[in-house]
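A.B. asks: The structure that follows is given in the form of structure tokens.
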Amino acid sequence: MSVSKSEDRFTLVATDVDAALNAFAKDVAVGLTAYPKRLSCRYFYDCEGARLFEEICKLPEYYLTRAEREIIEARAEEIASGFSDEITLVELGSGNAVKTRLLIEAFLEQQGRLRFVPVDISQNTLEESSIGLLETYPELEVFGIAAEYHDGLARLKEMIEGPRLILWLGSNVGNFDRPDAVRFLARVGETMAEGDRFLIGTDLRKDRAVLEAAYDDTQGVTARFNQNLLARINRELGGQFDLARFQHRAVYKEAEGRVESHQVSTCAQTVVIEDLDMEVVFAEGETIHTENSYKYSIAEIDALAEGAGLEVERRWFDSERRFGLNMLKRNHG
């Protein structure tokens, strides 16, 4: 990592751009030569992807953002009052930090000043949201980390002392296979001291029709969001994907408790990726798996926390019980 910007009240630490591009190229090469083909959802969030995701959050079918915001609006003051000492607020995958503003305001009301540490893979999004927050809240200090989760966690362990409240909102845990989710929460737990807490959003299991609509909306925004991953390969790696020859598909696998997103080749075709010196052959109907979004029951949330050496201290739900916020602490028993 290297410090890319440091000004009054705002410090930004960013990963090396060339290293990030090399990682993208490597993962694309590996994923598109695998069977079945796959691309990681971590690469959704370039500038265009971040913009499209903001559109998704406003869609009538995409209930997750509204449900989580409802909880935070109702509980922000209660959450802040659970800390007697001045805390640092950390957010993994902060994005535009719209919902986080409610918690920032609650903590500023309680403790007068606040240090906020957003961690996000998109440096542009992180900079824009940080500047907006600093303009709105004079008592706020922002230490931004433009990095993937693993690099961000390493930085947190090195530099950010407690007590801390670590946020992981938006049900981002759903993008991890369940064993990987346990391992990731355990890594977060390793960075936590006695007074630290971890607030995690989890989307709950529900009706198939509701879930599939949320990931395949009638306006096609989610389809464009997924296809932007192919467009990103075109832009950054000399890819020649014809987006018109791929179709978005989202399907809920009830036994596994996950929504799977795929790009489906509508015909037999060969796609050249110039910078990787490769040709990718697709059969008609062959898919690229782009994302899993796991849903949780209450028992599965408890098991997730326990497996990571954590425990649920408190939990809150929206009025329709579609979504949950869970306050975790280290299990010292």
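The values are calculated or read from the model by the stated rules, or taken from the named source; none is laboratory data. Every value quoted in this text rests on a predicted model; they were computed, and no experiment measured them. Note that we place each Cβ from the backbone using ideal geometry, even for glycine, and neighbour counts take in every protein chain shown. These accessible areas exclude ligands, DNA and RNA; they are computed on the full protein's heavy atoms, side chains included. Shrake-Rupley method; radii C 1.70, N 1.55, O 1.52, S 1.80 Å.
A.B. asks: Report every pair of residues separated by at least 6 positions or lying on different chains whose Cβ atoms are under 9 Å apart, first residue within segment 29-42 and over 20 Å from V173 (Cβ atoms), second open to solvent by 100 Å² or more (accessible area, probe 1.4 Å).
C.D. replies: Sorted first by the residue in segment 29-42, then by its partner, the pairs are V30/R38; G31/R38; L32/R38.
A.B. asks: Any idea how many residues of segment 120-167 are among the small types (G, A, S), at pLDDT 85 or above, in a helix (DSSP H, G or I) and under 19 Å from the mean Cα position of the chain (by Cα)?
C.D. replies: Pass one, segment 120-167, residues among the small types (G, A, S): 122, 129-130, 132, 144, 146-147, 152, 154, 162.
If we keep only those that are at pLDDT 85 or above as well, we get 129-130, 132, 144, 146.
From what is left, the residues that are in a helix (DSSP H, G or I) are 129-130, 132.
If we keep only those that are under 19 Å from the mean Cα position of the chain (by Cα) too, we end up with 129-130.
Qualifying residue count, segment 120-167: 2.
A.B. asks: Another question, then. Please state which of the following conditions L328 fails to meet, knowing it meets all the rest: (1) among the aliphatic types (A, V, I, L, M); (2) closer than 25 Å to E194 by Cβ; (3) surrounded by fewer than 17 Cβ atoms within 10 Å (Cβ to Cβ).
C.D. replies: Among (1) among the aliphatic types (A, V, I, L, M); (2) closer than 25 Å to E194 by Cβ; (3) surrounded by fewer than 17 Cβ atoms within 10 Å (Cβ to Cβ), L328 violates only (3).
A.B. asks: Taking only segment 103-114 into account, find how many residues are touching a strand residue (DSSP E or B) at 6+ places or on another chain (Cβ under 9 Å) and open to solvent by less than 70 Å² (accessible area, probe 1.4 Å).
C.D. replies: Count: 5.
A.B. asks: Further question on the same structure: Might you let me know whether segment 281-298 holds any residue that is within 28 Å of E194 (Cα to Cα), modelled with pLDDT of 95 or more and not in a strand (DSSP E or B)?
C.D. replies: yes
A.B. asks: Being of a type outside the set (A, V, I, L, M, F, W, C) and either surrounded by fewer than 16 Cβ atoms within 10 Å (Cβ to Cβ) or in a helix (DSSP H, G or I) (or both) is the filter here; which residues of segment 230-239 pass it?
C.D. replies: Result: R232, N234, R235, E236, G238.
A.B. asks: Is it the case that some residue within segment 268-279 is more than 25 Å from I71 (Cβ to Cβ) and free of Cβ contacts under 8 Å to residues at least 12 places away in the same chain?
C.D. replies: yes
A.B. asks: Looking at E78, E73, which is the one that is free of Cβ contacts under 8 Å to residues at least 12 places away in the same chain and in a helix (DSSP H, G or I)?
C.D. replies: That would be E78, the only listed residue that is free of Cβ contacts under 8 Å to residues at least 12 places away in the same chain and in a helix (DSSP H, G or I).
A.B. asks: Turning to a different aspect of this structure: Read through the list (1) open to solvent by 50 Å² or more (accessible area, probe 1.4 Å); (2) farther than 15 Å from L304 by Cβ; (3) at pLDDT 95 or above; (4) of a type in the set (K, R), then give the number of the only condition that R178 fails.
C.D. replies: Of everything listed in (1) open to solvent by 50 Å² or more (accessible area, probe 1.4 Å); (2) farther than 15 Å from L304 by Cβ; (3) at pLDDT 95 or above; (4) of a type in the set (K, R), R178 misses just condition (2).
A.B. asks: Need the failing condition index for L103 against (1) farther than 22 Å from S81 by Cα; (2) touching a residue at least 12 places away in the same chain (Cβ under 8 Å); (3) in a helix (DSSP H, G or I), just the number.
C.D. replies: (1)
A.B. asks: When you check D18 against the structure, is it modelled with pLDDT under 90, part of a helix (DSSP H, G or I) and among the charged types (D, E, K, R), yes or no?
C.D. replies: yes
A.B. asks: Report, by residue number, each residue of segment 57-92 that is touching a strand residue (DSSP E or B) at 6+ places or on another chain (Cβ under 6 Å) and open to solvent by less than 80 Å² (accessible area, probe 1.4 Å).
C.D. replies: L64, A67, E68, I71, I87, T88, L89, V90, E91, L92
This table checks each residue for (1) out of contact with any helix residue (DSSP H, G or I) (no Cβ under 7 Å at 6 or more places or on another chain); (2) under 30 Å from V281 (Cα atoms); (3) free of Cβ contacts under 8 Å to residues at least 60 places away in the same chain.
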residue	(1), (2), (3)
L165	yes, no, no
V188	no, no, no
E194	yes, no, no
E212	yes, yes, yes
D217	yes, yes, no
R224	no, yes, no
N234	yes, yes, yes
G238	no, yes, yes
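A.B. asks: Further, regarding this structure: So if I check each of G195, G189, which one is surrounded by fewer than 21 Cβ atoms within 10 Å (Cβ to Cβ), assigned to a helix (DSSP H, G or I), of a type outside the set (S, T, N, Q) and touching a Gly at 6+ places or on another chain (Cβ under 7 Å)? Please lay out each step first, then the result.
C.D. replies: Details: G195 fails: assigned to a helix (DSSP H, G or I).
After applying the criteria, what remains is G189.
A.B. asks: Additional query: Being farther than 29 Å from F24 by Cβ and at pLDDT 95 or above narrows it down to one of A213, A186, A193, so name that one.
C.D. replies: Values: A186 fails: farther than 29 Å from F24 by Cβ; A193 fails: at pLDDT 95 or above.
On inspection, the qualifying residue turns out to be A213.
A.B. asks: Please state which of the following conditions D203 fails to meet, knowing it meets all the rest: (1) open to solvent by 10 Å² or more (accessible area, probe 1.4 Å); (2) acidic (D, E); (3) at pLDDT 95 or above.
C.D. replies: Result: D203 fails condition (1) only.
A.B. asks: Report, by residue number, each residue of segment 255-275 that is part of a strand (DSSP E or B) and of a type in the set (A, V, I, L, M, F, W, C).
C.D. replies: Within segment 255-275, V259, V264, V271, V272, I273 qualify.
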